[in-house]
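Enquirer: What follows is a structure written as structure tokens; I'll ask about it next.
FYI, it's all coordinate maths here, none of it is from the lab. Just so it is clear, the structure is predicted and the values come from calculations on it, not from any experiment. Here the Cβ positions follow ideal geometry from the backbone for every residue, glycine too, while neighbour counts run over all protein chains shown.
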Amino acid sequence: MALLPNEPMNITSLNYPDKYPNDEECVWVMTKDSPNNESTFGSIVLVFDDFETEDLDVVSVGHGSVYLENIILELSAKWVPEAIVTNDVSMWVRFESDDVVTHRGFAATVEWFPYQGTYILHNNT
Ligand SMILES: [Ca+2]
């Protein structure tokens with residue numbers, strides 16, 4: 001997914017807000033897309049707007065374009081919305097569910113704030 005400056009994008013687990021499938025692996029790689037080869041300074045900010053998975057169904061988030069490298073955090077179960085930030089050119093998100101028990105999953109907003117030093121969080125509430 002290409003991130004354009006100040007253009008928020010949404011990602012959700014499969015079927016959200018209905019239950020996600022068992023045995024599912026989904027990966028998103030979001031990369032700053034600098035239209036005129038201008039700078040890729042600034043932060044990629046991911047905010048979970050909703051999050052509920054089974055304990056064993058884990059969302060991993062990291063920086064860079066190779067998923068499962070440079071992990072920032074792994075989360076499951078219930079999660080209080082909080083911003084995850086990187087200044088890298090890319091951020092990845094991976095979701096893997098096991099073979100039993102599903103919940104409604106997650107919805108998240110990701111945005112590239114191209115300026116150094118400050119960012120503004122947008123949320124839906
Ligand atoms: Ca499960």
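Enquirer: I want the antiparallel fraction of DSSP beta bridges within the chain, as a percent rounded to 5.
Expert: DSSP beta bridges in the chain are roughly 90 percent antiparallel.
Enquirer: Let me ask something else about it. Given +1 on the Cβ of Lys and Arg, -1 on the Cβ of Asp and Glu, and no further charges, what dipole in debye does the chain carry about its Cα centre, rounded to the nearest 20?
Expert: Taking the Cα centre of the chain as origin, the dipole is about 460 debye.
Enquirer: Also, quick follow-up: If you take the beta carbon distance between Asn87 and His122 as r and set R0 to 22 Å, what does 1/(1 + (r/R0)^6) give as a FRET efficiency, to the nearest 0.05?
Expert: With a Förster radius of 22 Å, E is 0.75.
Enquirer: Report ³J(HN,Hα) in whole Hz for each residue of segment 93-103, in order, from the Karplus equation J = 6.51 cos²θ - 1.76 cosθ + 1.60 where θ = phi - 60°; Gly and Pro get x.
Expert: 10, 10, 10, 10, 10, 8, 8, 9, 6, 10, 10
Enquirer: Work out, step by step, the length gained on full extension between Asn70 and Met1: first 0.36 nm times the residue separation, then minus their alpha carbon distance; give nm to one decimal. Before the final figure, lay out the partial values.
Expert: Numbers: separation 69, 0.36 × 69 = 24.84 nm, distance 1.86 nm.
My answer for the length gained is 23.0 nm.
Enquirer: Taking 8 Å as the Cα distance limit and 6 or more residues as the minimum spacing, I'd like the relative contact order of segment 49-98 as a percentage.
Expert: Reported as a whole number, the value is 48 percent.
Enquirer: A follow-up question, please. Could you work out the relative contact order of segment 2-114? I mean the mean sequence separation of Cα pairs under 8 Å and 6+ apart, divided by the number of residues, in percent. Provide the component values of the computation, followed by the final result.
Expert: Numbers: 298 pairs, mean separation 51.6, N = 113.
Value for segment 2-114: 46 percent.
Enquirer: To continue, here is another question. Per q in 0.11, 0.13, 0.14, 0.15 Å⁻¹, report the Debye log10 I(q)/I(0) for the chain, using one uniform scatterer on each alpha carbon and no solvent.
Expert: With no solvent term, the Cα-only Debye profile gives -0.36, -0.50, -0.57, -0.65.
Enquirer: Turning to a different aspect of this structure: Could you please report the charge total around Lys19, scoring K, R as +1 and D, E as -1 over all other residues with beta-carbon less than 12 angstrom from its beta-carbon?
Expert: Counting the neighbours of Lys19, the net charge comes to -4.
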